[in-house]
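Have a look at the structure below, then the notes.
The values are calculated or read from the model by the stated rules, or taken from the named source; none is laboratory data. Note that the coordinates shown come from a computational prediction; the quantities given were computed from them, not determined experimentally. As a convention, Cβ positions derive from the backbone with ideal geometry for all residues, glycine included, and neighbour counts pool all protein chains shown. SASA here: full protein model, heavy atoms, side chains in, ligands and nucleic acids out. Shrake-Rupley method; radii C 1.70, N 1.55, O 1.52, S 1.80 Å.
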Amino acid sequence: MKKLLNSLYITSENKYLSLDGENVVIKEDGTELGRVPMHNLEMIVSFSRTGASPVLMGKCASIDILIVFLTPNGSFLICVEGKTKGNVLL
């Protein structure tokens, strides 16, 4: 099976991302809004100010899922990425 840049976009400001097993859980004010299996994802882009759990960020870094945090207006804040593979000098 070939992965084809499957990305999860969180465009609302009050969403919080957490991890439950092998699923990304989307929450707002403590209530669960949805779940997305991690094996389908290559990237998570969040326009939310509430962020994501450290456990989710660590799991994504270990299985090479890129997490990008942007402001609600779209300005870049930070990118969480796993280890670099191959020769870092090249």
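The residue of the range 7-54 that is least open to solvent (accessible area, probe 1.4 Å), among those that are farther than 24 Å from residue 71 by Cβ and in contact with a strand residue (DSSP E or B) (Cβ under 8 Å, 6 or more places away or on another chain), is 38. In the range 55-78, the qualifying residues are those that are exposed (fewer than 15 other Cβ atoms within 10 Å of the Cβ) and of a type in the set (Val, Ile, Thr), and the one that is nearest to residue 6 (Cα to Cα) is 63. Here residue 81 clears all of (1) over 14 Å from residue 11 (Cβ atoms); (2) of a type outside the set (Lys, Arg); (3) at pLDDT 90 or above; (4) out of contact with any Pro (no Cβ under 9 Å at 6 or more places or on another chain) except the condition numbered (3). Looking across the range 24-47, just one residue is in contact with a Leu (Cβ under 9 Å, 6 or more places away or on another chain) and of a type in the set (Lys, Arg), and that is 27.
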